[in-house]
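The values are calculated or read from the model by the stated rules, or taken from the named source; none is laboratory data. Keep in mind that what you see is a predicted model, and the values were worked out from it rather than measured. Positions of Cβ are generated from backbone atoms using ideal geometry, with glycine treated the same way; all protein chains shown enter the neighbour counts.
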Amino acid sequence: MVQTESKLNSEHVGKAYAALASGDRERISQYWAEDMVWLVPGHNPLSGWYYGLDNFLGFMGQVGTLSANSFHMDAIVVMTHDDYSADVTHNLGFRAGYEGRGTVPYTKLDIDVVHVLRWRDGKVIAGKGAIMGDGTTEYDQFWSPLVGSGGRTSSNGQVNASSNGATSSSAATGTSPVGDSMQQASSGAMAVVDKMYQCFAKGDMDTLAREVFAPDIEWALPGHHPLSGVKKGAGEVIAFFGALQHTGVRVDNLTFGTIGDDTVVERHTGHGMVNGREYIFPTCSAYSIRDNKIAHVQVYTADQHRVDDYFWEAYQLKPLPDRLTS
């Protein structure tokens with residue numbers, strides 16, 4: 001017999017989740033009310049309100065299909081009070097086709113989630129999920145049909161190439177900042193940017209200086225951190241590239257597009273790790289090409305505060321008074 005709300009405790013909450021995981025509709029209905037409502041957080045195709053148990057189970061079915069049933073939650077702590085419960089769970093899953101080998105954020109989900117449930121007569125009548133910090137972005141990217149390269153995932157999670165440039169969905173590996181192999185950009189301005197990335201991946205700074213960068217190149221990086229600002233001249237830009245390599249930043253999910261004959265717009269996902277924390281930087285850069293060389297670059301980032309935090313962690317200031325010593 002199902003417990004009433006007056007006896008709501010962590011054990012009862014655990015049984016409700018176990019029933020949900022079983023997929024047994026009759027068992028589920030013992031703990032989840034037919035007129036329940038559920039709010040999925042975020043801004044992705046699964047986000048929003050689900051009204052009624054059948055619609056909620058339909059949402060759970062979508063989660064199972066898109067993740068090839070790899071998605072699961074492990075309870076960290078459960079709290080109850082009167083007719084409310086709150087639980088913190090660790091959520092782990094992979095997009096279908098990437099089980100056990102996906103990478104955050106597009107093909108692997110690895111976040112903590114808080115669920116707040118309201119109960120009536122031992123059954124859930126309302127629930128909502130809450131995700132903090134960068135977990136919200138990762139959640140949206142994981143469930144979105146769009147990958148960072150601009151391609152779209154099919155129902156089995158495989159990546160379809162975008163129509164305007166090179167596409168890759170796997171995470172970068174190794175020590176190179178650009179770990180994904182890129183399809184050769186066709187010609188013209190895109191080929192110049194493509195060559196820059198190839199040189200960067202090989203550490204070929206001499207070719208960058210001679211053949212890719214204009215002598216008076218300017219590279220503008222926004223933010224308030226040690227590497228932000230405008231780098232002027234090939235020497236400063238190459239020194240900046242060396243600083244990026246020093247921090248271990250790597251790039252994947254590259255895609256290109258052109259505006260006219262002399263402007264390239266490039267989008268990628270940057271990854272970094274400092275002090276055991278993983279950082280993800282969705283980034284867009286606009287390249288101005290002159291005489292088949294890069295003359296100006298303006299970088300834009302989707303989460304400037306996160307980028308600032310990363311580079312301050314990577315390049316920490318010396319303590320006073322050493323910081324003021326010339």
For region 107-120, indicate whether the set of residues that are closer than 27 Å to PRO282 by Cβ and part of a helix (DSSP H, G or I) is non-empty.
no
Within region 106-120, track down each residue that is more than 18 Å from HIS72 (Cβ to Cβ) and either modelled with pLDDT under 95 or within 16 Å of the chain's Cα centre (by Cα) (or both).
TYR106
Taking the conditions exactly as written (farther than 16 Å from THR137 by Cβ, surrounded by fewer than 14 Cβ atoms within 10 Å (Cβ to Cβ) and in contact with a helix residue (DSSP H, G or I) (Cβ under 6 Å, 6 or more places away or on another chain)), does LEU317 satisfy them or not?
yes
Restricting to region 258-279, and then to whatever is over 20 Å from the mean Cα position of the chain (by Cα) and among the hydroxyl-bearing types (Ser, Thr, Tyr), can you tell me which residue is surrounded by the most Cβ atoms within 10 Å (Cβ to Cβ)?
THR258
Of the residues in region 232-257, how many are surrounded by 20 or more Cβ atoms within 10 Å (Cβ to Cβ) and part of a strand (DSSP E or B)?
7
Residue count, region 207-231, condition among the aliphatic types (A, V, I, L, M), assigned to a helix (DSSP H, G or I) and surrounded by fewer than 19 Cβ atoms within 10 Å (Cβ to Cβ), comes to 1
Can you tell me which condition SER70 does not meet? The list is (1) free of Cβ contacts under 8 Å to residues at least 60 places away in the same chain; (2) surrounded by 13 or more Cβ atoms within 10 Å (Cβ to Cβ); (3) assigned to a strand (DSSP E or B), and all the others hold.
(3)
Sole residue being modelled with pLDDT of 95 or more, of a type in the set (A, V, I, L, M) and over 16 Å from THR89 (Cβ atoms), chosen from ALA16, ALA33:
ALA33
Filter region 81-139 for residues that are in contact (Cβ under 8 Å) with a residue 60 or more places away in the chain and among the polar types (S, T, N, Q); the one that is surrounded by the most Cβ atoms within 10 Å (Cβ to Cβ) is THR107
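Residue-wise test of (1) without any contact (Cβ under 8 Å) to a residue 40 or more places away in the chain; (2) within 22 Å of GLY203 (Cα to Cα); (3) in the same structural domain as PHE200 (by TED's automatic domain parsing).
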{"residue": "HIS225", "(1), (2), (3)": "no, no, yes"}
{"residue": "GLY229", "(1), (2), (3)": "yes, no, yes"}
{"residue": "GLY235", "(1), (2), (3)": "yes, yes, yes"}
{"residue": "GLY260", "(1), (2), (3)": "yes, no, yes"}
{"residue": "ASN292", "(1), (2), (3)": "no, yes, yes"}
{"residue": "ASP303", "(1), (2), (3)": "no, no, yes"}
Report whether or not VAL40 is touching a Leu at 6+ places or on another chain (Cβ under 8 Å), free of Cβ contacts under 8 Å to residues at least 40 places away in the same chain and within 18 Å of ASP140 (Cβ to Cβ).
no
Of everything in region 24-47, what is in a strand (DSSP E or B) and within 16 Å of VAL113 (Cβ to Cβ)? Give them in sequence order.
TRP38, LEU39, VAL40
Determine if region 198-206 includes at least one residue that is out of contact with any His (no Cβ under 6 Å at 6 or more places or on another chain), under 25 Å from TRP312 (Cα atoms) and part of a loop (DSSP other than H, G, I, E, B).
yes
Looking for something surrounded by fewer than 17 Cβ atoms within 10 Å (Cβ to Cβ) and under 29 Å from ARG210 (Cβ atoms) - is there at least one such residue anywhere in region 301-312?
no
